[in-house]
Amino acid sequence: MKIAIIDKKDITLQIQNNAIKFEEQTIPFRFMDILILNHRATLHTKDILKLTKENISILIISYNNDSFSLTSSANTKNGDIKLAQYNSLDKKIELARYFITQKLISHKEQLEVNGVKNVDITFQLEQLKNATQIDAIMGIEGSFARLYFQEFFNILPREYHKGKRSKKPPQDPVNALMSYWYSLYYNIITVKLLSYGFEPAMGYLHTPFRSHNALSSDILELFRSAINQAVLSVFKHNTLTLEDFTKKGGVYLKYEGRKKVWSEFVELVDTLKPKLDNEIANLKKMINETNNCN
Amino acid sequence: MQNFLIIYDIFDKKRLPKIKKIAYSYALGGQKSALEAPLDKSLMTSLIKELEDILEDEDKVNIVKVANKTILLGKAKQVAFEKNGVIIL
C-alpha cells in the first residue's frame, strides 16, 4: 500500500501527465494507492475522477482529525468475494471468535513486551471457545479491554492521560492520538479491502449493515495492539507535547502536531503491511472454507 | 527506497519526449533533464526496461545514486519522500 500524504493548508493540486502537481513538487501516480489530504486542499472534480479511475483512493482529514472522508472508485469488482462474504454470515460466530482471540493474544503479548507479565487470558480464551453469541464475544472482549487499558495506561507518562480509554470525544492526548491513528488505519484497511473486491460494510464481529465499515472494524481489532505500541513510543519519546493538542469539545491533535507524527504513522503502516496482507488472505481463505461447508 | 538522479541526453528529437515522459513518471522533482526519483529494486527494474525499449545506442541515460545529504543551493528544495514512496509535507 503506497501512501502519499500532502498535509498542507490552502494548496491547489493539479493533475498533469499521470502525476499530481503542486507548487514545485510532482508525485507520479505510481507512488500512491491512497492519497491523504487535509480538508483545506483544492482538487478539481475532474481530477478526483482521474485519480479514482487509476484506483487511487482519496482520504480527506478534517482540521482536528475528528472527521474523515474516503473517496474510491465506484467500480464493482470480484462479485464472487462479496457473495462468499454474504454466504459466510451464517458462520459469523467462528470469524468473530477468530478476531477476538487474536486480539486478546496480541494485546497480552504487547503488555509483556512492556514488562507487564501478570496478565492471564486462559479463562477468557476458554470462554471464547464456548461462546455461541456475538454479544457474549463482545462481552468477553469488553471485560478484557478494561483490564488491558488499566495496565496500558500505567506504562505511559502520567501527564498525557487520565488513566482510562475515552473516545468520541477523547479526553486526553493519549486517547486523542489512539483514536486518530485507529481511524486512519481503519480507512487504510477499507481501501485495501475495496482493492481486493470485499464489501467493507459487511462484517462479522461488528454489526453488519450499519453506517460504518464493519469488516474494516473487525480487521482493525487485529492491529490495535500494534497501534497502541506505536502511540506508547510517541509519548515515551516526547515526540508530542501537551501544546500539540487542543481541548475544544474533547482533546484533539492539532494540525501542527499531526505533522510531527506523520513519519511515525508511515513507519507503522510499513511495518504492518505484511501482516495486513496475510490477514486479508487468511480472511479470504476462511470465508471460502465456510462457503464450501455450506 | 533511495534517491536517484535520472540524467538524460537523447540524440533524436522524436525519442526525447518519449524518454522524458517515462523519466517524469518516476520522478518527484528536479529540473529539465535531471530528475530526482526515489527508486527501489522493482521500480529501478521497470524504469530500465521502459527506457531500454526506446533508447538507441547513441543516446545516454545516467541513473546516479544520490547521497542522503546533498548540497542544495539557490531555490532548490530537497525532494520529500520516505522509504516506501510516501511524501510528507
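The values are calculated or read from the model by the stated rules, or taken from the named source; none is laboratory data. The structure displayed is predicted, hence computed values, not measured ones. No Cβ is skipped: glycine too gets one built from the backbone with ideal geometry, and neighbour counts run over all protein chains shown. Note: areas computed on protein heavy atoms with side chains; ligands, DNA, RNA excluded. Shrake-Rupley method; radii C 1.70, N 1.55, O 1.52, S 1.80 Å.
Observations on the structure shown:
- Structure remark: mean-square fluctuation, Gaussian network model of chain A, C-alpha springs under 10 Å; the largest value among A:N175, A:N130, A:N65 belongs to A:N130.
- Accessible surface for A:I93 stands near 40 Å², nearest 10, in the context of the full protein assembly shown (1.4 Å probe).
- Summed over both chains, the contact between B and A buries some 1900 Å² of accessible surface at a probe radius of 1.4 Å.
- Exposure ranking of B:K60, A:K192, A:K9 by accessible area [1.4 Å probe, largest first]: B:K60, A:K9, A:K192
- Sites A:Q127 and A:Q16, calculated FRET efficiency, Cβ-Cβ separation with R0 41 Å, nearest 0.05: 0.10
- Counted as membrane-span-like here are DSSP H helices of chain A whose alpha-carbon atoms extend 30 Å or more along the helix's own axis and whose Kyte-Doolittle mean is 0.0 or above; these are A:134-155, A:173-196.
- Area of A:L37 that stays accessible when all protein chains are in place (1.4 Å probe, Å², to 10): 10
- Label-point separation, A:K50 to B:R15 (7 Å along Cα→Cβ), nm: 2.9
- A:M32 accessible area, 1.4 Å probe, all protein chains in place, Å² to nearest 10: 0
- Peptide A:62-72, shielding by other chains (average Cβ, 10 Å cutoff): 0
- With 0.36 nm allotted per residue and the present C-alpha distance subtracted, the A:S73-A:M286 stretch has 74.0 nm of extension available.
- Cα centroid separation, the range A:105-159 to the range B:1-37 (Å): 53
- Modelled FRET efficiency - R0 41 Å, B:S46 with A:T207, Cβ distances, 0.05 increments: 0.40
- Calculated FRET efficiency, B:N68 to A:E94, Cβ-Cβ distance, R0 = 45 Å: about 0.35 to the nearest 0.05.
- Residues of the range B:23-51 with an amide N closer than 19 Å to a point placed 7 Å from the Cα of B:Q2 along the Cα-to-Cβ direction: B:26-29, B:35-49.
- Top positive-direction residue, dipole computed over the protein assembly as shown with Cβ charges, set A:Q171, A:L125, A:S233: A:Q171
- Note on surface exposure: A:K260, B:K41, A:K162 rank B:K41, A:K162, A:K260 by accessible area, highest first, 1.4 Å probe.
- Dividing the helix sum by the residues of chain A, where each DSSP H run of 4 or more adds -39500 (n - 2.57), gives a mean residue ellipticity at 222 nm of -17000 deg cm²/dmol.
- Accessible heavy-atom area order of B:T70, A:T42, highest first, probe of 1.4 Å: A:T42, B:T70
- Counts of other chain beta carbons within 10 angstrom of each beta carbon in peptide A:21-28 average 5.
- Working from label points 7 Å from Cα in the Cα-to-Cβ sense, the A:V113 to A:E267 distance is 1.3 nm.
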